[in-house]
Amino acid sequence: MSLKTDLCKETASECVFPNYGIRNIVLTGGKGTRVWDSDGREYLDFLAGISVNNLGHCPDRVIEAIRAQVGELMHCSNLYLVPQQVELAQRLCELCFADKAFFANSGAEVNEGAIKLARLYSKAKFGENRYEIITLRNSFHGRTLATLTATGQDKIQKGFEPLPVGFRYGIFNDLESVRALVTDLTCAVMIEPVQGEGGVTAASPEFINGLRELCDTHNLLLIFDEIQCGMARSGKMFAHQVYGVEPDIMTLAKALGNGLPIGAMLARREVADVMQPGTHGSTFGGGPVACAAALAVLDEMRDSAIPERAAKMGDYLRSGIENALRGLPVFKGLRGLGLMVGIELACEGAEIVKKCQEHGVLINCTMGNVLRLLPPLTVTEEECDQVSDLLALIIADHAFSAHPV
Ligand code: PLP
């Protein structure tokens with residue numbers, strides 16, 4: 001670690017909240033799949049800001065759009081019309097089931113909005129006593145009070161009690177567990193089509209289809225949180241399009257601005273229209289710079305056929321890893337969808353993540369034993385080969401000293 005990094009680490013420990021734990025590298029630049037630290041070391045970034053930099057680091061088209069807009073108007077209150085916001089809403093709706101969009105600044109914020117929208121719609125349509133939302137164990141929906149309560153993980157909720165009422169938890173890929181929770185109080189079911197933080201687990205087609213049917217039968221709203229799995233990562237523009245099942249509400253954030261903070265909540269017209277003036281809002285949400293960045297992201301994804309590329313490279317990376325790791329006793333199999341890749345291990349993954357970083361590859365680990373790879377969707381075959389080979393070396397070496405899970 002350089003002196004500069006050391007000093008930054010020391011100062012951080014004195015004056016930055018300790019909620020992110022200890023961080024050892026300072027990234028100072030990036031282009032495509034590559035990032036550089038303050039010592040000039042190069043890394044292959046196979047995490048992409050946890051599915052933020054889907055077009056890679058610093059894509060020219062997005063940079064140009066941001067630069068141009070910053071020079072024109074940086075902020076505009078939602079008291080006035082923002083043309084970039086209107087165009088972005090129209091473009092996103094053209095790409096999916098939705099008729100209308102609302103914009104905020106992060107994933108948690110748009111999930112909070114989706115929870116409010118589900119309650120408001122259900123109360124307006126079916127009466128005051130319909131407010132419960134069924135979410136799933138091992139889900140992740142954010143860190144605000146309502147979204148951490150929606151998150152079905154005790155470790156995320158611990159210490160923040162009392163939690164808001166109105167959330168119940170089913171089991172992922174177990175339709176009967178969700179059906180058993182539906183009562184007269186239920187207004188919605190909220191899921192990630194591919195659970196990210198919860199272990200990179202894709203929903204089964206039967207589960208997704210069954211949830212749609214269940215929601216239709218009981219007049220419940222189906223909410224898809226596509227904050228991590230959306231924006232072409234699955235191999236389609238939105239993960240639900242892989243399943244051919246439409247939600248009533250969808251949330252996006254992360255890769256929508258490729259690094260500029262923006263979140264979107266999309267809904268069918270009938271649902272969106274319950275949000276009358278005064279029910280919801282955001283100072284920065286849908287601002288011209290973030291929307292200009294997102295418009296450039298959509299242009300680039302369309303012109304470079306990024307969803308198709310993600311599907312192709314997802315297959316390539318998966319078969320490369322499968323070939324490289326086959327036969328290693330700790331390798332239990334692959335999970336996920338498209339370029340959202342989980343490597344399930346029979347041992348803890350933290351040490352492997354650390355070794356990868358030492359060898360110039362950034363990945364992370366969820367649920368203790370699932371290595372998570374979320375490379376930019378612009379990743380090349382050579383970069384995938386490099387990472388598969390390195391993983392094989394590190395995991396084979398690690399297997400001798402590993403603690404079983
Ligand atoms: N939902 C999902 C599926 C996520 O992966 C995340 C973040 O990791 C969030 C919501 C929260 O997004 P944010 O950190 O932008 O609030």
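Worth a mention:
- Within the stretch 176-199, the set of residues being of a type in the set (D, E, K, R), free of Cβ contacts under 8 Å to residues at least 40 places away in the same chain and in contact with a strand residue (DSSP E or B) (Cβ under 8 Å, 6 or more places away or on another chain) is empty.
- Pairs meeting the criteria (first residue in the stretch 101-121 and in contact (Cβ under 8 Å) with a residue 24 or more places away in the chain, second residue hydroxyl-bearing (Ser, Thr, Tyr) and away from the ligand (no atom under 12 Å from the Cβ), beta carbons under 8 Å, at least 6 apart or on different chains) are Phe103/Ser282; Ala104/Ser282; Asn105/Ser282; Glu109/Ser282; Lys116/Thr279; Arg119/Tyr131; Leu120/Thr279.
- Total residues in the stretch 207-241, condition among the β-branched types (Val, Ile, Thr) and out of contact with any helix residue (DSSP H, G or I) (no Cβ under 9 Å at 6 or more places or on another chain): 1
- Criterion (in contact with a Leu (Cβ under 8 Å, 6 or more places away or on another chain) and at positive phi) met by exactly one of Gly286, Gly314: Gly286
- Only listed residue being surrounded by 15 or more Cβ atoms within 10 Å (Cβ to Cβ) and at pLDDT 95 or above, chosen from Leu325, Leu393: Leu325
- Which listed residue, of Ala253, Ala267, Ala290, Ala232, is of a type in the set (A, V, I, L, M, F, W, C), under 19 Å from Pro83 (Cβ atoms) and surrounded by 24 or more Cβ atoms within 10 Å (Cβ to Cβ): Ala290
- Note on the stretch 139-148: residues that are within 11 Å of the ligand (Cβ to nearest atom) and surrounded by fewer than 22 Cβ atoms within 10 Å (Cβ to Cβ) amount to 3.
- Meets criteria (at pLDDT 95 or above, away from the ligand (no atom under 16 Å from the Cβ), surrounded by fewer than 20 Cβ atoms within 10 Å (Cβ to Cβ) and within 27 Å of Gln195 (Cα to Cα)) for Asp315: yes
- Test result for Thr251, under 16 Å from the mean Cα position of the chain (by Cα), polar (S, T, N, Q) and not in a helix (DSSP H, G or I): yes
- Single residue of the stretch 102-135 satisfying the filter (among the β-branched types (Val, Ile, Thr) and not in a strand (DSSP E or B)) that is farthest from the ligand (Cβ to nearest atom): Ile115
- Ile249 vs. criteria within 12 Å of the ligand (Cβ to nearest atom) and either acidic (Asp, Glu) or touching a strand residue (DSSP E or B) at 6+ places or on another chain (Cβ under 8 Å) (or both): no
- Residue within the stretch 236-245 that is over 19 Å from Ile171 (Cβ atoms), among the charged types (D, E, K, R) and surrounded by fewer than 24 Cβ atoms within 10 Å (Cβ to Cβ) present: yes
- Filter pass, Thr283 being modelled with pLDDT of 95 or more and either in a helix (DSSP H, G or I) or under 18 Å from the mean Cα position of the chain (by Cα) (or both): no
- Qualifying residue in the stretch 32-51 (condition: surrounded by fewer than 17 Cβ atoms within 10 Å (Cβ to Cβ) and closer than 30 Å to Arg268 by Cβ): yes
- Selection of first residues in the stretch 360-384 that are hydroxyl-bearing (Ser, Thr, Tyr) and of second residues that are modelled with pLDDT of 95 or more and in a strand (DSSP E or B), restricted to Cβ pairs under 6 Å at least 6 apart or on distinct chains, gives the following pairs, ordered by first then second residue: Thr366/Arg372.
- Qualifying residue in the stretch 259-275 (condition: more than 12 Å from the ligand (Cβ to nearest atom), part of a loop (DSSP other than H, G, I, E, B) and in contact with a Gly (Cβ under 6 Å, 6 or more places away or on another chain)): no
The values are calculated or read from the model by the stated rules, or taken from the named source; none is laboratory data. Note that the structure is predicted; figures quoted are calculated from it, not measured. So basically every Cβ, Gly included, is an ideal-geometry build from the backbone, and we count neighbours across all protein chains shown.
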